[in-house]
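Asker: Quick one: this structure, given as structure tokens, is what I'll be asking you about.
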Amino acid sequence: MSGLHRVLSEYSVPLQVWLGPEARNQVADLLVTTLGQKIQIHTDPIPQLDSLRGPAVLVLSAKELNGPDHENLRALAARAHPGRSVLIGGTSDRDTLMDAINNWGVVRVVRTNAPDEHVIAAVVAAGKYLNREVAMETAIEDLDIETTMISSAIDQIEGSRDRVREVALTSTATTFASGLMHILSQEQERLAPLMDQIPEEKKHLAHHVVEEMNALTQIMERTLDHAIEKSAGIPGQGEPLDSLLKQVRTLCGPDIGGHLGSGAHVPVDPFALFHCVLSACRTTELGAITGIDSHRSGSSAVVTLHFKGPLPEAFEAQLTGIAAVSQSEVEAAGCTLRAAVSPEGIGQLVLSLPVTETDHA
């Protein structure tokens with residue numbers, strides 16, 4: 001059995017034949033006698049118009065197309081869809097044939113005095129056409145449903161895959177932050193007893209090393225807290241921007257100036273933001289970093305990195321390597337990093353960040 005035959009067999013429907021008043025007078029006895037045991041024949045369907053349900057084959061006489069039952073027969077033709085009609089007569093009238101084909105959905109025409117077998121063959125052929133149309137429409141509807149279900153399943157799989165990936169990344173971040181905090185804690189414990197043994201003239205360097213380790217520890221603590229909250233589905237309250245920038249400034253060197261006055265919390269992964277800003281501070285094309293400023297501007301916080309060098313020609317604020325990943329994550333959170341020039345012609349990098357709604361600074 002071919003694929004088409006399987007579809008037709010699976011979606012076949014019982015055949016109904018509806019007869020117009022004139023057609024009933026011409027072929028009712030023949031169809032009832034010949035096909036009455038196999039199909040359902042309504043010899044007077046117009047009185048049952050409100051209760052009849054298609055699909056069906058409508059048998060019409062050519063005289064009925066413009067007769068007194070025209071409107072009721074048109075309603076029957078609509079109810080019969082996707083079944084079509086069989087026309088008795090009208091074979092010699094081109095206008096009647098065109099009207100029958102274009103407006104009544106006629107698929108078979110037999111002359112008025114045609115042999116009985118021709119009439120029966122026309123009705124059977126129209127029934128096969130109906131069965132094919134119903135099968136195709138139903139199969140298409142089922143295919144649409146299955147396609148929708150498959151699309152939904154794909155969306156669920158992709159969503160699950162994204163969640164698994166996010167959980168894996170969160171787990172990695174948690175493990176990394178926790179491990180690095182442990183290492184930093186051990187190093188600070190080892191360094192503490194040695195502070196008294198360091199010559200006085202070098203103690204400021206030792207203190208700066210301790211400050212840098214404390215800055216890294218605080219960043220790791222925030223990273224760990226953020227990863228845990230994210231894994232647990234707890235809405236974040238945003239990261240204190242100025243505090244994070246202070247840690248960046250500590251790691252960039254003791255001579256980094258600037259004013260941190262945004263008072264803002266930003267909805268960004270703290271490690272991605274820290275890594276992005278720290279990497280931007282080390283942009284070699286602009287020379288050494290000289291200062292970091294922050295301020296609030298409407299619903300945004302603005303961070304300005306000041307450098308020693310001028311802005312190179314065609315310079316773009318685009319990080320490279322691993323830092324590009326952090327920049328991409330920061331930008332995905334609604335932040336932008338752009339190059340700018342100070343009034344003195346010195347190069348700058350400006351980072352604009354959205355502020356959390358809970359921030360009231």
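Computed from the coordinates by the stated procedures, all read-outs in this text should not be read as laboratory data. A quick note: this is a predicted structure, and the numbers were derived from the prediction, not measured. Every residue, glycine as well, gets a Cβ built from its backbone with ideal geometry; the counts of neighbours run over all protein chains shown.
Asker: What is the extension gain from GLU344 to GLN237, computed as 0.36 nm multiplied by their sequence separation minus the C-alpha to C-alpha distance, in nm to one decimal?
Answerer: Values: separation 107, 0.36 × 107 = 38.52 nm, distance 3.79 nm.
Result: 34.7 nm gained on full extension.
Asker: Suppose R0 equals 56 Å. What FRET efficiency, 1/(1 + (r/R0)^6) with r the Cβ-Cβ distance, do ALA333 and GLN48 give to the nearest 0.05?
Answerer: On the way: r = 67 Å, r/R0 = 1.19.
That gives a FRET efficiency of 0.25.
Asker: Further, regarding this structure: For the ranges 73-83, 254-264, what's the packing order if you count other beta-carbon atoms within 10 Å of each residue, average per peptide, and put the highest first?
Answerer: Details: 73-83: 19.3, 254-264: 15.9.
So the order, starting with the most tightly packed, is 73-83, 254-264.
Asker: Let me ask another. Need one word for region 1-125: rounded, prolate or oblate. Basis is the Cα gyration tensor (sqrt eigenvalues a ≥ b ≥ c); a/c below 1.5 gives rounded, then a/b vs b/c decides. Let's see the in-between values first.
Answerer: Values: a/c = 1.43, a/b = 1.33, b/c = 1.08.
Rounded, because the longest to shortest axis ratio a/c is under 1.5.
Asker: Once a ≥ b ≥ c are taken as the square roots of the eigenvalues of the Cα gyration tensor of region 241-354, is the result rounded (a/c under 1.5), prolate (a/b larger than b/c) or oblate (a/b not larger than b/c)?
Answerer: Numbers: a/c = 1.38, a/b = 1.19, b/c = 1.16.
It comes out rounded by the Cα gyration axes.
Asker: Okay, moving on. Counting other C-beta atoms within 10 Å, which of ARG249, ARG132 has the fewest, and how do the rest follow?
Answerer: On the way: ARG249 22, ARG132 16.
By the 10 Å Cβ count, ascending, the order reads ARG132, ARG249.
Asker: Roughly what would the spin-label model give for ASN214 and GLU146, points 7 Å off Cα along C-beta, in nm?
Answerer: Each label point is offset 7 Å from its Cα along the Cβ direction, giving 6.8 nm.
Asker: Ok, one more. Treat the count of other C-beta atoms within 10 Å as a stand-in for reagent exposure and order ILE145, ILE46 from fewest to most. Working shown, then result.
Answerer: On the way: ILE145 10, ILE46 16.
Starting with the residue having the fewest Cβ neighbours, the order is ILE145, ILE46.
Asker: If each residue's Cβ is checked for other Cβ atoms within 10 Å, how do MET98, MET213 rank with the fewest at the top?
Answerer: Working: MET98 10, MET213 18.
Fewest-to-most ranking of MET98, MET213: MET98, MET213.
Asker: Can you classify region 214-269 as rounded, prolate or oblate using the Cα gyration tensor, where a ≥ b ≥ c are the square roots of its eigenvalues, rounded means a/c under 1.5, and otherwise it's prolate if a/b beats b/c and oblate if not?
Answerer: Working: a/c = 4.43, a/b = 1.73, b/c = 2.56.
Since a/c reaches 1.5 but b/c is at least a/b, the shape of region 214-269 is classed as oblate.
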